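The values are calculated or read from the model by the stated rules, or taken from the named source; none is laboratory data. Because the structure is predicted, anything quoted here is derived from the model rather than measured. Ideal geometry is used to build each Cβ from the backbone, glycine not excepted, and the neighbour counts take in all protein chains shown. All accessible areas refer to the heavy atoms of the entire protein, side chains included, with ligands and DNA or RNA removed. Shrake-Rupley method; radii C 1.70, N 1.55, O 1.52, S 1.80 Å.
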Amino acid sequence: MGEAANDTVRLLWDRPTRPTRGPKPALSLERIAAAGVEVADAEGLGAVSMQKVAGLLDFTKMSLYRYVPGKAELVALMVESAVGEPPAAPDAPDWREQLTAWARHLADAFARHPWLLDATLGPRVPGPNELAWLERAVAALDGHGLTGAERMDAAVLLSGHVRSIAVQARATGPDGSPEAQLLAAFGTVVHRHADRFPAVAAAMADPDPEGRDQAMDFGLARILDGLAALIGRRTNRGTEA
């Protein structure tokens, strides 16, 4: 683990407690993270800098370095702040209800903070909140005949589906319709060449308005259907897939 990763671990997992004596610290990691989130929400992740965050807090850039070593660690704190704690597990739900609520809350987090899509790419050190999200999804599948690897993969699969829909939503804007923009982008071309692409043309011509822009719910339901089928086989016939 590199020095930068060590710094991130210390900030996320070993936060110093506030001293009971002496002067109160001028800043806190919570305030710094909140300021970074404010910048990213308004201008995107690329606009975040130590200088801009320090200015928003009415401090100098150098004073900010007393708390956060650099931008990478700042972004890690921002992710932890923005993602927040996962939704509380209902009292007595089945696993499908738990994962449905989990996925929709994750989608809401991406909608509130679209820059999270960029900040959570690639291998990195997760914070307690982010790891708690994974814990909640994996725990929902405990005791249903799946292996540990399968429970982890199921959480990754659900997260990937939510992310893909969030990427589309970010591209279309808050008032846009991904499917409507898709039709506008190449609907005319498909119509003119329907003989070459008959299946696509027929699907795009489907008049059912209730089927439009339902990719999030449709994909979520199909993933959960697949897990239900696997769980059914495991619980009914031992551990055979």
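When the range 132-164 is filtered for residues that are charged (D, E, K, R) and assigned to a loop (DSSP other than H, G, I, E, B), only Asp142 remains. With respect to Ala76, determine if the residue is within 22 Å of Asn129 (Cβ to Cβ) and open to solvent by 80 Å² or more (accessible area, probe 1.4 Å). Against the criterion (within 22 Å of Asn129 (Cβ to Cβ) and open to solvent by 80 Å² or more (accessible area, probe 1.4 Å)), Ala76 does not qualify. Of all the criteria given as (1) more than 20 Å from Asp7 (Cβ to Cβ); (2) open to solvent by 70 Å² or more (accessible area, probe 1.4 Å); (3) over 19 Å from the mean Cα position of the chain (by Cα), the one not satisfied by Ala42 is (3).
Yes or no: the range 94-102 includes at least one residue that is crowded, with 20+ Cβ neighbours inside 10 Å, of a type outside the set (Asp, Glu) and over 23 Å from the mean Cα position of the chain (by Cα).
No: the range 94-102 contains no residue that is crowded, with 20+ Cβ neighbours inside 10 Å, of a type outside the set (Asp, Glu) and over 23 Å from the mean Cα position of the chain (by Cα).
Scanning the range 110-123 for residues that are surrounded by fewer than 16 Cβ atoms within 10 Å (Cβ to Cβ) and either of a type in the set (Val, Ile, Thr) or part of a loop (DSSP other than H, G, I, E, B) (or both) yields Leu121, Gly122, Pro123.
Remark: pairs (first residue in the range 140-168, open to solvent by 20 Å² or more (accessible area, probe 1.4 Å); second residue assigned to a loop (DSSP other than H, G, I, E, B) and not basic (Lys, Arg); Cβ separation under 7 Å; 6+ apart in sequence or on different chains) = Gly145/Thr239; Arg151/Leu141. Select from the range 45-67 the residues that are assigned to a helix (DSSP H, G or I) and of a type in the set (S, T, N, Q) and write down the one among them that is least open to solvent (accessible area, probe 1.4 Å). Ranking the qualifying residues of the range 45-67, first place goes to Ser63. For Ala107, all conditions in the list (1) under 27 Å from Gly226 (Cα atoms); (2) surrounded by fewer than 17 Cβ atoms within 10 Å (Cβ to Cβ) hold save one; what is the number of the exception? Here Ala107 clears every test but (2). Residues of the range 52-99 that are of a type in the set (Val, Ile, Thr) and over 22 Å from Val9 (Cα atoms): Thr60 alone.
A quick yes/no check of all residues on (1) part of a helix (DSSP H, G or I); (2) at pLDDT below 80:
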| residue | (1), (2) |
| --- | --- |
| Leu183 | yes, yes |
| Phe186 | yes, yes |
| Ala199 | yes, no |
| Asp206 | no, yes |
| Glu210 | yes, yes |
| Gly219 | yes, no |
| Leu224 | yes, no |
| Leu230 | yes, no |
| Arg233 | yes, no |
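Taking the range 26-39 as the range and being in a loop (DSSP other than H, G, I, E, B) and open to solvent by 20 Å² or more (accessible area, probe 1.4 Å) as the test, the residues that pass are Ala26, Ser28.
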